[in-house]
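Scroll down for the structure; my scribbles are underneath it.
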Amino acid sequence: MIRLGVNIDHLATLRQARYRNHTNGASPEPDPVAAARLCLAAGAHSITVHLREDRRHIQDEDVLRLGRECREKLNLELAATPAMLDFALRLKPAEVCLVPENRTEVTTEGGLDAARHIESLRPVIQQLNAAGILTSLFLSPEPHQIEAASALHAHVVELHTGCFADATPAQRPATLEKLKSAAEQSHRLKIQVNAGHGLRLSNLPALLSLPHLHTLNIGHSLLSHAIIVGLDRSVRDFLAVISQK
Ligand code: PXP
């Protein structure tokens, strides 16, 4: 069965909207750790958070608490900077996903250019691998990027599904073909295939035609649905669609 990873960044976005400069002693809400607990109890397989350099949503303390609560199910997204690498090596989450980061973007807009930054990424991935952390690269579905992931000995590629999620109905088949061929290539190279970005209950069935999918990481839409139906039900609704494959 394909696994569901829940990205809870935007729960922290909601908290930060009110408590960014919190000083009055009330407990900031909502609490990402309580949400992670609920997601896992509802059947989610892993929890993803992105500790951004600008700390716009998830904070260091959230990640440390998640490490204590569910380290073996924690996928930590990071930019490949020395400070973030140091943080990851001290925390040792189950998985680290290296992502590009741009302060002006609303969300992670594109994949990491692993082919271009292969030399600077090499020591980062070596250290993560040596620490026993599953290393993932968030990549656009381009053959040269998958080649780079293989040359870097990454364990996982997470295919950026933004091209598919943002496509018009006419463009969608071509984006699916691209993603399928990237998934095939990764599998041939013995790299685990994850995918994420912009996935919703409505577009998931089409995406499930991708071969070799291991984990889908879903954030904004799952949390949006949760505001209406509750977090437990939202996780179960996404799992119900994913398990149709
Ligand atoms: N995977 C990665 C690597 C991400 O950075 C994100 C957030 O942009 C997601 C998955 C989840 O994307 P979304 O919030 O659009 O579901």
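The values are calculated or read from the model by the stated rules, or taken from the named source; none is laboratory data. Please read all numbers here as calculations on a predicted model, not as lab measurements. Glycine gets a Cβ as well: all are built from the backbone with ideal geometry, and neighbour counts include every protein chain shown.
Residues that are within 16 Å of the ligand (Cβ to nearest atom) and basic (Lys, Arg) were ranked within the stretch 55-87; the one that is nearest to residue 130 (Cα to Cα) is 73. The test for being more than 15 Å from the ligand (Cβ to nearest atom), without any contact (Cβ under 8 Å) to a residue 60 or more places away in the chain, surrounded by 20 or more Cβ atoms within 10 Å (Cβ to Cβ) and charged (D, E, K, R) does not hold for residue 20. Of the numbered criteria (1) assigned to a helix (DSSP H, G or I); (2) of a type in the set (S, T, N, Q); (3) under 20 Å from residue 2 (Cα atoms); (4) over 16 Å from the mean Cα position of the chain (by Cα), the one residue 221 fails is (4). Residues in the stretch 184-204 that are over 18 Å from residue 46 (Cβ atoms), within 16 Å of the ligand (Cβ to nearest atom) and touching a residue at least 12 places away in the same chain (Cβ under 8 Å): 186, 198, 200, 201, 203.
Answer yes or no: is there a residue in the stretch 41-64 that is in a helix (DSSP H, G or I), surrounded by fewer than 18 Cβ atoms within 10 Å (Cβ to Cβ) and without any contact (Cβ under 8 Å) to a residue 24 or more places away in the chain. Looking for residues that are in a helix (DSSP H, G or I), surrounded by fewer than 18 Cβ atoms within 10 Å (Cβ to Cβ) and without any contact (Cβ under 8 Å) to a residue 24 or more places away in the chain, one finds at least one in the stretch 41-64, hence yes.
Using the structure shown, decide if residue 94 is touching a residue at least 40 places away in the same chain (Cβ under 8 Å) and not hydroxyl-bearing (Ser, Thr, Tyr). Considered against the rule, which asks whether it is touching a residue at least 40 places away in the same chain (Cβ under 8 Å) and not hydroxyl-bearing (Ser, Thr, Tyr), residue 94 comes out as yes.
Picking from residues in the stretch 88-108 that are near the ligand (Cβ under 10 Å from one of its atoms) and assigned to a strand (DSSP E or B), the one that is farthest from residue 155 (Cα to Cα) is 98. For the stretch 37-54, the set of residues classified as more than 15 Å from the ligand (Cβ to nearest atom) and among the hydrophobic types (A, V, I, L, M, F, W, C) consists of 38, 40, 41, 42, listed by residue number.
Name the pairs: first residue in the stretch 149-165 and among the aromatic types (Phe, Trp, Tyr), second residue modelled with pLDDT of 95 or more, Cβ to Cβ under 8 Å, at least 6 apart or on different chains? Taking only residues 6 or more apart or on different chains, the pairs are 164/172; 164/175; 164/176; 164/179; 164/198; 164/203; 164/206; 164/207. A count restricted to the stretch 30-56 and to residues that are at pLDDT below 95 and of a type outside the set (Lys, Arg) stands at 2.
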